[in-house]
Amino acid sequence: KDELVACGRLPWRRVAKLGSQIAKALEFAHQKQLVHQDVKPSNILLGPGDRVKITDFGLARRLVDRSGSSMTVCGTPYYMSPEQVLGKTVDYRTDLYSLGATLYEMLVGHPPFTDPNLFEQHLSTPAPSPRESAPDVPAEIDEAVRRCMAKVMADRPPSAQYVADILERLLAT
């Protein structure tokens, strides 16, 4: 079982600490014009002191290939963005959707969508609120998770750094 979710739900402060590191690593990749496309708990390793490392960039693609065409690749069903489900063009906001799904699972102990009709849920079911299952989760984290999982890419946060900043502000309180 994935280390991040092996014990079920994690305390929100630990999720904020880990999530901030994940978001910063994604921001670094995005600045290099790379989209991971398969962000999920099993691709996030924890080292000493809860140091995060994102692995398996096997699906990662440059945002634009040499011919100028955008790239499209699938990911893992529990964490796939609507655009991945539909086989449409992806960009950094695709990783934000998967980050939101991963944070949700860390906060609650299970993926946001588990129904047999998983792809339909990613396409049309609003992102669930982590606070419904974990009332101690701060409203700011709840909102960030749901915003990351917005169905329309333009409704997602402007960057992974933006998500990291939200999580770090909460840790400072």
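The values are calculated or read from the model by the stated rules, or taken from the named source; none is laboratory data. Please read all numbers here as calculations on a predicted model, not as lab measurements. Each accessible area value is taken on the protein alone, full model and side chains, heavy atoms only, with ligands, DNA and RNA left out. Shrake-Rupley method; radii C 1.70, N 1.55, O 1.52, S 1.80 Å.
Data overview
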item	result
Using alpha-carbon coordinates, inclination of helix 12-31 to the longest axis of the chain, degrees	20
Whole-percent carbon and sulfur share, accessible surface of the chain, 1.4 Å	52
Set of aspartates and glutamates with alpha-carbon distance to residue 17 below 12 Å, sequence-local pairs under 8 removed	50, 165, 168
Gyration tensor verdict on the stretch 102-173 (Cα atoms; rounded if a/c is under 1.5, prolate if a/b is larger than b/c, oblate otherwise)	oblate
Degrees separating the helix 139-148 axis from the principal Cα axis of the chain, which is the longest one	20
Convex hull volume per residue for the chain, taking Cα atoms only, in Å³	109
Extension reserve of the residue 154-residue 114 stretch, reckoned as 0.36 nm per residue once the Cα distance is removed	11.9 nm
Over the chain: helical MRE at 222 nm, DSSP H runs n ≥ 4 each giving -39500 (n - 2.57), nearest 500	-13000 deg cm²/dmol
Between 0 and 90°, nearest 10: helix 160-171 axis offset from the chain longest Cα axis	0
Length added when fully stretched, residue 125-residue 91, from 0.36 nm per residue minus Cα-Cα	10.1 nm
Within straight-line cross-link reach of residue 32, lysines at Cα separation under 23 Å, skipping those fewer than 8 residues along the same chain	24, 40, 53, 88
Surface per residue (accessible, 1.4 Å probe) for the chain, Å²	47
